[in-house]
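Since the structure comes first, as structure tokens, the remarks are kept for the end.
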Amino acid sequence: MFVHTSIRTSNIDRSIDFYTRIMGLKLLNRHEIPQNDAEIAFLQDPEGKGAKLELTFYRKQKKFIQADYEDRIFDHIAFEVKNMEKTIATIRKEKITITDEPFKLGPTGPLIAFIEDPDGTLIELIERK
């Protein structure tokens with residue numbers, strides 16, 4: 001069973017705010033990992049659906065560089081949204097980077113768009129109708 005995905009963050013408070021306030025996740029827990037001088041936070045859909053997202057902040061990490069799109073190893077995480085137009089309007093208001101404007105994935109496919117979180121992690125938004 002797939003349990004969670006962990007992404008690194010350069011500022012855990014900012015990332016928790018983004019994923020709770022903007023992406024609608026619920027903070028489940030947050031705690032220190034003294035063995036590697038890190039702090040982690042687990043978030044999930046408020047209804048407990050889907051896998052968890054783990055945010056990891058390593059205090060000793062000095063460089064935090066997201067590779068250019070073509071050179072990335074990790075591609076993206078994805079969120080289903082109910083209303084793409086409303087979601088994109090919120091994203092614009094918050095001045096969040098939109099890397100790909102909404103487009104239809106084939107003639108009968110979902111509407112998708114791509115944005116970046118505060119650290120440049122790519123996020124796919126999916127509206128299914």
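What follows draws every value from the coordinates through simple rules; no lab data is involved. Predicted, not measured: the structure shown is a model, and the values here were computed from it. Note that each Cβ is placed from the backbone with ideal geometry, even for glycine, and that neighbours are counted across all protein chains shown.
DSSP bridge analysis restricted to the chain gives an antiparallel fraction near 70%, rounded to the nearest 5. Computed over the stretch 85-125, the P(r) curve from all C-alpha pair distances, binned at 10 Å from the origin, holds 29, 55, 16, 1 percent per bin.
Against the chain, whose longest principal axis is taken from its Cα atoms, helix 84-93 shows a tilt of about 50°.
Starting from the Cα gyration tensor of the chain, take the square roots of the eigenvalues, sort them a ≥ b ≥ c, and report rounded, prolate or oblate (rounded when a/c is under 1.5, otherwise prolate if a/b is larger than b/c, else oblate).
prolate
Residues Thr108, Thr87, Thr20, ranked from the fewest to the most other C-beta atoms within 10 Å, line up as Thr108, Thr20, Thr87.
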